[in-house]
Amino acid sequence: MLYTIVPYNQVWDELDGSVSSNESQEVMVQGCVMQVTPIDSGSATVVRLLSTNPSDYLNPALQPGSVVLLR
Amino acid sequence: MELTQNTLESNQGNQEAQGQQQQQLANIRQLGQMNTPDGGSPFHVLSIIGQVEGHMILPPRNKTTKYEHVIPQLVAIEQNPKIHGLLVILNTVGGDIEAGLAISEMIKTMTKPTVSLVLGGGHSIGTPIAVAADYSFISETATMTIHPIRLTGLVIGVPQTYDYLDKMQDRVIRFIVDNSLVTDQDLREMMFRTGELVRDVGTVLIGDEAIHCGLIDELGGLGDAVARLNMFAANPGMAKANRRNAMNQGRQQQHPYVQPQQPYLNINTMHPAPGRYLASPPSYYNQGPGGV
């Protein structure tokens with residue numbers, strides 16, 4: 001049950017869902033949980049960080065758009 | 001090209017991380033001590049953005065904050081002795097009631113100091129999250145929308161549905177009233193106010209309006225919020241004690257009827273109890289018009 005100012009039809013509208021979040025997955029790289037889109041089985045592009053640690057956001061290797069290696 | 005460079009860089013980063021790990025292992029073996037990770041921030045930041053997502057996965061076009069991320073993070077922050085406070089940053093349009101209330105309750109019951117900052121918007125279910133912190137800030141331009149829970153587009157035909165909606169609403173109202181200085185009456189009045197058009201009913205509070213009605217503690221920004229956290233971190237116990245005092249004092253000011261009332265007449269002497277009447281009439285009582 002939602003309590004929001006956004007109209008329900010806007011929230012649930014799946015038309016032109018060009019950005020599919022199905023492609024993105026959550027992984028942990030260097031101790032930081034993040035959302036990534038896989039490039040191949042070994043690497044992925046960072047979409048956004050989910051960490052609460054502010055210093056993770058200053059780590060240049062984890063900037064959104066950069067490529068990280070998955071193990 | 002850029003891609004490969006990035007890959008190389010992150011490769012390098014990875015190697016560095018591995019090197020650090022080996023260094024740490026060596027330290028543990030040789031010195032029996034663990035390296036503390038960086039000199040990082042003593043405060044962690046939780047940003048509640050977009051929709052608060054709970055039991056239902058929202059379509060991908062919604063930007064969401066998921067409770068399965070937030071709740072374990074809160075537990076980790078509570079347990080990690082290196083973290084001395086939590087800054088909650090809100091820019092949310094609302095979302096799942098149960099998830100929102102769960103997050104609010106967790107923030108409220110943390111022993112670490114918590115400060116919330118409403119930036120942009122803290123609408124609907126963002127309100128209980130904002131008031132759950134020990135101290136709350138709102139930026140000058142931020143807005144909070146107080147409105148009733150409704151099922152837009154559906155006609156409520158069954159009485160049970162209406163009762164359920166009402167109960168959900170009461171849960172939210174109770175949490176907000178218990179954790180801020182706003183009164184139940186004022187909150188309901190704002191929620192069902194007609195005229196200020198937020199799709200028929202509701203109130204938009206901008207910046208200091210949220211402070212005047214008692215919802216938020218102070219107008220401020222990032223610097224103020226971090227300064228407040230620093231203050232709380234330096235004086236352990238201050239955050240919670242302050243909160244309790246503020247709640248008690250605020251309640252007494254706004255609801256005189258909850259003050260412990262003395263009996264009207266003393267049973268033994270049959271005199272009015274002290275404090276119930278002024279010792280002498282106030283000076284203006286004896287004055288004529290014009291104060292002469």
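The values are calculated or read from the model by the stated rules, or taken from the named source; none is laboratory data. Treat the numbers as computed from the prediction; the structure is a model and nothing was measured. Positions of Cβ are backbone-derived with ideal geometry, glycine not excepted, and every protein chain shown enters the neighbour counts. Keep in mind that these areas ignore ligands, DNA and RNA; they rest on the heavy atoms of the full protein, side chains included. Shrake-Rupley method; radii C 1.70, N 1.55, O 1.52, S 1.80 Å.
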Seminar exercise, completed: Loop-resident chymotrypsin sites (Phe, Trp or Tyr not before Pro) in the stretch B:166-246 with no more than 14 other Cβ atoms inside 10 Å, DSSP not H/G/I/E/B, are B:F192
Exercise. Can you give the extra length, in nm with one decimal, that the chain gains between B:M247 and B:L222 once fully stretched, where that is 0.36 nm per residue apart less the Cα-Cα distance?
Worked result: 6.6 nm
Exercise. Say each of B:K63 and B:E140 gets a label point 7 Å from the Cα, pointing the same way as Cα to Cβ; how far apart are those two points in nm?
Worked result: 2.3
Exercise. Taking the Cα centre of the stretch B:43-254 as the origin and placing charges on Cβ (Lys, Arg +1; Asp, Glu -1), which of B:I211, B:L187, B:P128 is farthest toward the positive end of the dipole?
Worked result: B:P128
For this session: Compute the Rg/Rh shape ratio of the stretch B:43-254: radius of gyration over Kirkwood radius, all on alpha-carbon atoms.
Result: 0.96
For this session: Using R₀ = 25 Å, calculate the FRET efficiency as 1/(1 + (r/R₀)^6) where r is the Cβ-Cβ separation of B:H55 and B:V75; round to 0.05.
Result: 0.80
Problem set entry | Compactness of the stretch A:22-69 as Cα Rg over 2.2 N^0.38 Å, two decimals | 1.02
Exercise. What does the accessible area per residue of the stretch A:22-69 come to in Å², with a 1.4 Å probe and no ligands, DNA or RNA counted?
Worked result: 49
Exercise. Once both labels are modelled 7 Å past Cα along the beta-carbon direction, what's the A:R71-B:F192 spacing in nm?
Worked result: 6.0
Seminar exercise, completed: Between B:D184 and A:N59, Cβ-based FRET efficiency (R0 51 Å, step 0.05) works out to 0.65
Exercise. In nanometres, what is the gap between the two model label sites at A:Q10 and A:E23, each 7 Å from Cα along Cα-to-Cβ?
Worked result: 2.6
For this session: Could you tell me which of the pairs B:K66/B:K108; B:K108/B:K240; B:K66/B:K167; B:K82/B:K112 are separated by over 21 angstrom between their Cα atoms in the structure shown?
Result: B:K66/B:K167
Problem set entry | Accessible area buried, both sides summed, chains A and B with 1.4 Å probe, Å² | 3500
For this session: Heavy atoms only, probe 1.4 Å: what % of the accessible area of the stretch B:57-159 goes to carbon and sulfur, would you let me know?
Result: 60
Exercise. How would you rank B:237-247, A:24-34, highest first, on the average number of other Cβ atoms within 10 Å across their residues?
Worked result: A:24-34, B:237-247
